[in-house]
Each structure stands twice: as structure tokens, then as C-alpha cells.
Amino acid sequence: MRPLADTGGKTVGQGDIIRDSNGIAERLAQLQANLNELADALCSAPETQEPVSEDAAWQLREAHAGGVDEVLLEARQLESLLARHIALLERDTSAATAPLQRRPSEASPGLFNLFGLFRKAPAHRSRSLEDQAASRLVRLIGESHDLVACLEDHQDLVAGQLSRSEACVTAQMAKLNAVAISAQPDADTRLLMARIEALEDFVDALIGMTATTNVFLNKLRVDAEERILLLHGLEWPDLHTLANQSPRLKALFDRADRGLLSAGCLAQRKLHLDEAFQRRAAQSRQVAGG
């Protein structure tokens, strides 16, 4: 992830943002490696002609179940960190634009309202506050882009492992259906049943990760849309360069250029997505802490 730019002073949560930002990509890569390793263990179990001993079957059952539990807890801990980071980015957006908020005592001539922002007429205003706000918004858009890129790649990996694991469940179930029914299944059969159970738990975990990632991505995109719209309102001159540096958000920049971003529609979507984000974040915190 690209480093944060210096904004000329500590912003709200800036130290937290920098610290989290430097660790999220690394932890996400580690989670992905662990997901791949666990999927290999569950889906590519070595075939053997020798019967599995009771002790070996028990150890493998425990390893399968423990592996799924560990990766699920790791995912929830990372989700909790991501939720906190996304919330800090939103707080920093509010801090960046706070100096530009319309005050009831402000005279109205020459002012315009965009998310409550105001500017004086061009011939009389000072650009210093606007330039500071724009600089911070640029940094936050860069952060949004990097997180979107990480989570989109993660989404693709999880989707691939989900498809693979579901196919593996089907194959293992076919094996189990071919085994003669017995009130006392042998160790091999019990191991097969344990592998199927672990695979089903793994599939459930991947489905949960997919749902959470979707919510976080939607939240990041709507927040990025807000920051891009704010930059347009501030008439920041380098939007084209920023758009080229943020390919995962390019569609939002294009829509802003064409005047297709609406503050009213954005506010409605943001309200809905914020509620979904808060619910998911609370679930991740509860599991990660419990």
C-alpha cells in the first residue's frame, strides 16, 4: 500500500491510520496464504491403501476442525481491524472538511452548499483552508483506493477457494455415499465424515468472508465517491492525475467528470451502507474479541 502523504499536521486518527495501513496488507496476505494452505489440506488429502488407525483419524479430525477455527478467528480479527481503519478514514474526512462547514452566522452571498461546505466568492476568498482540505482528501482517496484494491483481490481469492471447496464437498459426499452403511463405521469412514464436516464449516466461513468483504467494499466505494465529489466541489485542479493513479476508482472519477454524482443520492446510499457496515463491524468485533 502506498505511504500516506504528509498533510502538514496530525489529523484525526492519523497515527492509527498509518499504523493500521502498514499492517493490513501484510495480514491480509497471511490470511490468504492460510486459506490456501487449509484448502489444500482439506481438498487434497493424500490417498492411501492402508487403513487409518484410530489415533491417526482422531488427530486428523482435530487438525481439520482446529484449522478451520483458527482461520475463521484470524479472518474476524482482520475484519475488526479493517472496520476500525475504515471508520478512522471517515473520521479524518470529517476533520478535513470541518473548517469549511457553513456556520449559521456566515453571510450567504457568494457561498455554495455541498455537504454543508461553503466558499467565499473567488475574488475575495483565501484558498489556504480549501487547499489543506483538498490535500487531506487526496490522501484519503489514495488510502481508499489501496484498500479497495486489496479487498477486491481478496474477494477473487475467496471466491476461487469457495468454488473449489464446494466441489470438494460434493466429491467427498459421493465417496461417503458409496460406503456401506454401518452402525460402527471404521476409522477411514469416520475420517471421511470429519473431512466433510470440516469442509462444510470452511465453506460457511468463506461465505461469511464474502459477505463481509462485500459490505466493506461497498462502504469504501461510497466513502470514496463522497471524497471525490468534495474534491470536485473544491475545484481541485489535478483530478485527472489522481484518477489515473487510482484505477480501481476510475469509474467514480469518470462519473464525477460527467456530472453523474449526486450529493442527494449519495447521502441516501451512504445511510443504508453505513447501517450495514456497522452491523458487520459489530459482528466481527464480537467474534474477534470472544
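Details
- Considering Glu143, Glu197, Glu166, the condition of being of a type in the set (Asp, Glu), at pLDDT below 95 and touching a helix residue (DSSP H, G or I) at 6+ places or on another chain (Cβ under 7 Å) is satisfied by Glu143 alone.
- Arg190 vs. criteria assigned to a helix (DSSP H, G or I), basic (Lys, Arg), surrounded by fewer than 19 Cβ atoms within 10 Å (Cβ to Cβ) and under 18 Å from the mean Cα position of the chain (by Cα): no
- Scanning the range 225-238 for residues that are surrounded by fewer than 17 Cβ atoms within 10 Å (Cβ to Cβ) and either assigned to a helix (DSSP H, G or I) or of a type in the set (D, E, K, R) (or both) yields His232, Glu235, Asp238.
- Screening Thr210 with (1) touching a residue at least 24 places away in the same chain (Cβ under 8 Å); (2) within 25 Å of Ala98 (Cα to Cα) gives one miss only, at (2).
- Residues of the range 198-214 satisfying the condition of being among the β-branched types (Val, Ile, Thr), closer than 16 Å to Leu78 by Cβ and either open to solvent by less than 20 Å² (accessible area, probe 1.4 Å) or within 9 Å of the chain's Cα centre (by Cα) (or both): Thr212, Thr213
- Among the candidates Arg269, Arg248, Arg255, the residue that is modelled with pLDDT of 80 or more, open to solvent by 80 Å² or more (accessible area, probe 1.4 Å), under 20 Å from Leu217 (Cβ atoms) and in contact with a His (Cβ under 7 Å, 6 or more places away or on another chain) is uniquely Arg248.
- Hits in the range 166-181 (condition: surrounded by 13 or more Cβ atoms within 10 Å (Cβ to Cβ) and either assigned to a loop (DSSP other than H, G, I, E, B) or touching a residue at least 40 places away in the same chain (Cβ under 8 Å) (or both)): Cys168, Val179
- Only a single item in (1) part of a helix (DSSP H, G or I); (2) without any contact (Cβ under 8 Å) to a residue 12 or more places away in the chain is not met by Gln184, and it is number (1).
- Selection within the range 57-85: residues that are closer than 10 Å to Ala194 by Cα and not small (Gly, Ala, Ser). The member of this set that is most open to solvent (accessible area, probe 1.4 Å) is Trp58.
- Test: residue in the range 215-224 that is charged (D, E, K, R), open to solvent by 60 Å² or more (accessible area, probe 1.4 Å) and within 17 Å of the chain's Cα centre (by Cα): yes
- Filtered residues of the range 123-160 (kept if in a helix (DSSP H, G or I), among the polar types (S, T, N, Q) and open to solvent by 20 Å² or more (accessible area, probe 1.4 Å)): Ser128, Gln132, Ser135, Gln155
The values are calculated or read from the model by the stated rules, or taken from the named source; none is laboratory data. All figures in this text were calculated on a predicted structure; none of them were measured in a lab. We place every Cβ from the backbone using ideal geometry, glycine too, and count neighbours over all the protein chains shown. These accessible areas exclude ligands, DNA and RNA; they are computed on the full protein's heavy atoms, side chains included. Shrake-Rupley method; radii C 1.70, N 1.55, O 1.52, S 1.80 Å.
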